[in-house]
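The structure appears below as structure tokens.
The values are calculated or read from the model by the stated rules, or taken from the named source; none is laboratory data. Nothing here was measured: the structure is a model prediction, and the numbers come from that model. Here the Cβ positions follow ideal geometry from the backbone for every residue, glycine too, while neighbour counts run over all protein chains shown.
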Amino acid sequence: MDTSTRYILVPMDFTATSGYALQHAINIAKVMNLNISLLHIINQQNEEAASVSKLNEIAESTMRQHGINVTKITLIGNIFNTISDIASQSDCALVVMKTDGVKGVQKYTGSRAIKIIEGSKSPFVVVQKPPTKDKFIDIVYPIDYRVENKEILSYVLHFSKFYDFKLHLIKMYTTDRVFLKNITNNLNYAKSMLETKRLSFEVFVTNGKLNFGTEINEYAHSINADLIITQLQRNLTLSKFIFGVKEQKIIANPYKIPVMCVNPKDLWVFGGFR
């Protein structure tokens, strides 16, 4: 795949955590031969000069130290629409974005990260701390009952072109016969695809003592995972957040493990990270 014009979008607000996102993006860009595009969103025109100056400094430092081509974008707008709009452009391979966790009313209305990701066409890697490794070595893939759960394999297979990793399939516990059948089908499909591609994997079955989001976090922490890949639910409503969306628990996980989060395929056109 020609990645010469493809880029990783990194939203910057000049905080330490957005700097962490850039560090993760640099590691990914080196492995996947991608460029980096820095985005700062301003509220009004008179903020542009200061934004451009800061972005230039970060871009020049990044290019000088890492040899990665870096472009800069300063736009007037809001974080929800502007990031999603740029993330939907064909040259955007993925977005690496910070999150400061879930605070206050966000527990009930959804985190800022999820609101940005929802409806975007590119996958997002959401981070909370600096990278501890240069590459992804252990990746967690939750297996649930949704038909679209199989779609995560597209990302796994694409990653396998660049990374030599072990995939950890974590199977959701349920006593519901219909859900169990779907989960088993998804697991068998994943195992078949991974075996065909000769990719290293193992299966862990949860016991259902905790909610699935917490079980995923605890398991990922226990194996020192480098990445969790998950998928947003369709039609995220206020009621779903009130009762707890597992993706929100995963993205804001207490162990600060990076999370790749994507939308179901039927919301966008997929083609190897688009």
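Among the residues of segment 1-26 satisfying the criterion of being polar (S, T, N, Q), out of contact with any helix residue (DSSP H, G or I) (no Cβ under 9 Å at 6 or more places or on another chain) and in a loop (DSSP other than H, G, I, E, B), which is modelled with the lowest pLDDT? Within segment 1-26, the match that is modelled with the lowest pLDDT is Ser4. Would you confirm, using the coordinates I've provided, whether Asn56 is closer than 22 Å to Pro130 by Cα and either outside any helix (DSSP H, G or I) or of a type outside the set (Phe, Trp, Tyr) (or both)? For Asn56, the condition - closer than 22 Å to Pro130 by Cα and either outside any helix (DSSP H, G or I) or of a type outside the set (Phe, Trp, Tyr) (or both) - is met. Across segment 240-256, the number of residues qualifying as out of contact with any Gly (no Cβ under 6 Å at 6 or more places or on another chain), in a helix (DSSP H, G or I) and at pLDDT below 90 comes to 5. Given the criteria outside the structural domain of Ala25 (by TED's automatic domain parsing), modelled with pLDDT under 95 and over 25 Å from Lys129 (Cβ atoms), does Thr175 qualify? Yes.
Pull out all pairs, ordered by first then second residue, where Cβ-Cβ is under 9 Å, the residues are six or more apart or on different chains, the first lies in segment 170-188 and is more than 9 Å from Tyr145 (Cα to Cα), and the second is of a type in the set (Lys, Arg). Here the result reads Tyr173/Lys209; Leu187/Lys171, each pair linking segment 170-188 to a residue that is of a type in the set (Lys, Arg).
Which residues, taken from segment 41-65, are among the small types (Gly, Ala, Ser) and within 21 Å of Ala21 (Cβ to Cβ)? Matches in segment 41-65: Ala50, Ser51, Ser53, Ala59, Ser61. Residues of segment 147-157 that are surrounded by 18 or more Cβ atoms within 10 Å (Cβ to Cβ) and more than 12 Å from the chain's Cα centre (by Cα): Glu148, Asn149, Leu153, Val156. Based on what the data block shows, is Pro123 crowded, with 19+ Cβ neighbours inside 10 Å and within 25 Å of His66 (Cα to Cα)? So Pro123 passes the test.
Residues of segment 158-200 that are within 28 Å of Ala29 (Cβ to Cβ) and exposed (fewer than 14 other Cβ atoms within 10 Å of the Cβ): Lys161, Asp164, Lys197, Arg198, Ser200.
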